[in-house]
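This report concerns only the one structure given below.
A short reminder: the numbers here are calculations on the coordinates, not readings from a lab. Computed from a predicted structure; not experimentally measured. So basically every Cβ, Gly included, is an ideal-geometry build from the backbone, and we count neighbours across all protein chains shown.
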Amino acid sequence: MGGKARRVEVLRIGHRPGRDPRLTTHLALTARAFGAARMYLEPADGAVSDHLRDVVRRFGGDFRVEGISEWKPLLRKWPGTSLHLTMYGEDLDDVLPSLNLVEPVLVCVGGAKVPPELYELATRNVAVTHQPHSEVAALAITLDRLLGTPRAGPLPGARMEVLPTPRGKRVVEREKGP
């Protein structure tokens, strides 16, 4: 079908609280910045969820992290297409034209040990490249292909705005959201 997806959410499977907070946080930040609506986190991790709530409060948008105890029921009941990101899958760019992007898309990102059932339950197993690489990079590229390149500037409701500068950092507080 081609075109851009209407709604994309992310499922992070196999997060290890206490061991993976930085990587999972980067996955959530990437999902938010590239336009995903939500990230389901299995298992739940209040610290990651709290951190993302704070980012949304300061930098806007309506992204949220929802902790879940079981990923299989979510995947089985998903009303649209589910894409499992794996270097063993079909080429993402070859798969995208055949997807019905009117339906919601769930992008699945595994942890250190991907359960074999994920390969069977996902609608499609897709690869950005067939080489070992970062799941954060794969998620960013996949979201860019599904939703388009994110626009520069603040998101709705932003209290803070990053001002582009050739050197240093400039962040300003906004009176009201855009």
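Counting neighbouring beta carbons within 10 Å and listing from fewest to most, the residues 66, 173 come out as 173, 66. Here the stretch 8-173 carries DSSP beta bridges of which approximately 10% are antiparallel, counting only pairs with both residues inside. Farthest towards the positive end of the charge dipole of the chain, among the residues 26, 114, 99, is the Cα of 26, using unit charges on the Cβ of Lys, Arg, Asp and Glu. Charge dipole (Cα centre; +1 on Lys/Arg Cβ, -1 on Asp/Glu Cβ; no other charges) of the chain amounts to roughly 700 debye. For the chain, the normalised intensity computed at q = 0.09, 0.16 Å⁻¹ comes to -0.32, -0.97 (log10 of I(q)/I(0), Debye sum over alpha carbons, equal scatterers, no solvent). Taking 166, 154, 17 as the candidate residues, the one with maximal mean-square fluctuation in a Gaussian network model of the chain, Cα springs under 10 Å, is 166. Between the amide H of residue 40 and those of 10, 11, 12, 66, distances stay under 5 Å, these residues lying 5 or more places away or on another chain, with hydrogens modeled in the peptide plane. Between residue 68 and residue 98, the modelled label-to-label distance comes to 2.4 nm, taking each label 7 Å out from Cα in the direction of the beta carbon.
Placing a label point 7 Å from the Cα of residue 87 along the Cα-to-Cβ direction, the residues of the stretch 104-118 whose backbone N falls under 16 Å from that point are 110-114. Straightening the chain between residue 133 and residue 22 buys 38.3 nm, computed as 0.36 nm per residue apart minus the Cα-Cα spacing.
Of all the options 143, 74, 101, the one that moves most in a Gaussian network model of the chain with Cα springs shorter than 10 angstrom is 74. For the stretch 123-166, applying the loop criterion from DSSP together with a ceiling of 10 other beta carbons within 10 Å to the trypsin sites (Lys or Arg not before Pro) yields 151. Label-to-label distance, residue 159 versus residue 47, with points set 7 angstrom from Cα along the beta-carbon direction: 2.3 nm.
For the stretch 79-151, just say rounded, prolate or oblate: build the C-alpha gyration tensor, square-root its eigenvalues into a ≥ b ≥ c, call rounded for a/c under 1.5, and beyond that prolate if a/b exceeds b/c, oblate if not. Intermediate results must be reported in sequence, preceding the final value.
Values: a/c = 1.62, a/b = 1.18, b/c = 1.38.
It is oblate, given that a/c is not under 1.5 and a/b is not larger than b/c.
If a/c stays under 1.5 just call it rounded; otherwise compare a/b with b/c (prolate if a/b is bigger, oblate if not). Do that for the stretch 1-46, with a ≥ b ≥ c from the square roots of the Cα gyration tensor eigenvalues. Taking the square roots of the gyration eigenvalues as a ≥ b ≥ c, the stretch 1-46 is prolate. Working from Cα positions, state the angle (0 to 90°, nearest 10) between the long axis of helix 46-59 and the longest principal axis of the chain. With rounding to tens, the tilt is 50 degrees.
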